[in-house]
Amino acid sequence: MGSKGSVLVAMSGGVDSSVSACLLAEQGYEVLGSHMELVHLAQGVDHGCCGPSARADAEAVARIGGFAFEVVDMSASFAETVLADFFAEHEAGRTPNPCARCNEHIKFGAFLERADRLGVDLVATGHYVRTDRDPMGAWHLRRGADTGKDQSYMLHTLGQRELARARFPVGGMAKADTRALAERFGLPVAAKPDSQEVCFVPGADHAAFIEEHAPSMVRQGEVVDRDGTVIGRHRGSFRFTVGQRRGIGVSTGERSYVVEVDARANRVVVGPGDLLSRRGLVADRVSWVAGEPPAVGPFEAEVRIRYNGDDVPAVVDHAEGRMRVEFRTPQRGVAPGQSVVVYRGDELLGGARIMESIR
């Protein structure tokens, strides 16, 4: 065993996880690189962090870094937790956040369980986040030092158990520095582009993916304006998300957005942007990094309601597994199914799934 213990590194075949593994090996850890097979793509399809080329890249990095490597099939767990939720949320008229779900149940759920079975001390990923421990022994989760690459939004479900076992070697770096390290290590992925797509959806075509794997969701429905007048038809409400402007498929003579997705009625409401304004939201599936909220009652914080969104000052309240957020200034495009994540400065306090907006 390495002088610093053992670590199971999730290796997608990308530059961030590759550098993370090589850094840990250089620092004296006994590294086991682990490439997770999450989906079985159709013959000839090679996509993102899934598929033969990603696996080959990860294995090549392990050879160069001089550490052990494995390929582990986690497709069953992925189907039960991430894919099932993806379809269920769309069917309910919500826009799911599969990456956050995967981090919770796979990369810091099933992957941690694998580390336990193998007798490995720690797990590590290439996420751009930072952690630290206070004098009382509590772990804190902070944004990545490179604010343009920060991925804390997608890790809001992590708690004390996960953070105590997790390491994020590139979280304190700029992306340019990560690529420079990849070149120093002689890694073939040094210039590999970042993946911007959901790993299990080839071509980023969510509608085509749902049509293929959940054809029962393909149902003709109405597109209506703010007054309820039918102005078009659609082939499934799963094609729409609140705040969407492009691809609505109707012309109203003005810039129009998806204002509401009513899955039960299979109806999509569109209208001008001012109809999107909301003063708050209600969320469930609440998770706090500390294991409990930072205050007994309502407290001031900043929240983010989409991955690439801005921080918004708000008052956050919580009770019986629910979270209520009231924005200091109204916000547009509050999409049910997406995550609301709570910050104080650079520290992530927790997050939840948006269930409904407050007008």
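Could you please find all residues in the range 203-218 being farther than 16 Å from H234 by Cβ, touching a Phe, Trp or Tyr at 6+ places or on another chain (Cβ under 8 Å) and without any contact (Cβ under 8 Å) to a residue 60 or more places away in the chain?
F209
Going by the structure shown, is V268 surrounded by 12 or more Cβ atoms within 10 Å (Cβ to Cβ), out of contact with any Phe, Trp or Tyr (no Cβ under 9 Å at 6 or more places or on another chain) and at pLDDT 95 or above?
No, not satisfied.
Confirm whether V289 is closer than 18 Å to T157 by Cβ, assigned by TED's automatic domain parsing to the domain that holds G333 and surrounded by 16 or more Cβ atoms within 10 Å (Cβ to Cβ).
yes
Within the range 124-141, how many residues turn out to be crowded, with 22+ Cβ neighbours inside 10 Å and either under 21 Å from F78 (Cβ atoms) or out of contact with any helix residue (DSSP H, G or I) (no Cβ under 7 Å at 6 or more places or on another chain) (or both)?
The number of residues fulfilling the criteria is 5.
I need the full set of residues from the range 91-122 which are within 16 Å of the chain's Cα centre (by Cα) and within 20 Å of E211 (Cα to Cα), in order please.
Result: R94, T95, P96, N97, P98.
Yes/no per residue for (1) touching a residue at least 40 places away in the same chain (Cβ under 8 Å); (2) among the β-branched types (V, I, T):
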position	(1), (2)
V7	yes, yes
G13	yes, no
S20	yes, no
L23	yes, no
H40	no, no
A58	yes, no
F67	yes, no
A92	yes, no
K107	yes, no
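Take the conditions over 13 Å from the mean Cα position of the chain (by Cα), closer than 30 Å to P52 by Cβ and among the acidic types (D, E) and apply them to D134. Does it pass?
So D134 fails the test.
Among the numbered criteria (1) loosely packed, with under 14 Cβ neighbours inside 10 Å; (2) polar (S, T, N, Q); (3) closer than 22 Å to T157 by Cβ, which one does S339 miss?
(1)
If I filter the range 54-89 down to residues being within 15 Å of C102 (Cα to Cα) and in contact with a Cys (Cβ under 9 Å, 6 or more places away or on another chain), which single residue comes out as surrounded by the fewest Cβ atoms within 10 Å (Cβ to Cβ)?
T81
The values are calculated or read from the model by the stated rules, or taken from the named source; none is laboratory data. For clarity, every value in this text was computed on a predicted model and none was experimentally measured. For neighbour counting, all protein chains shown are included, and Cβ atoms are generated from backbone atoms with ideal geometry for every residue, glycine included.
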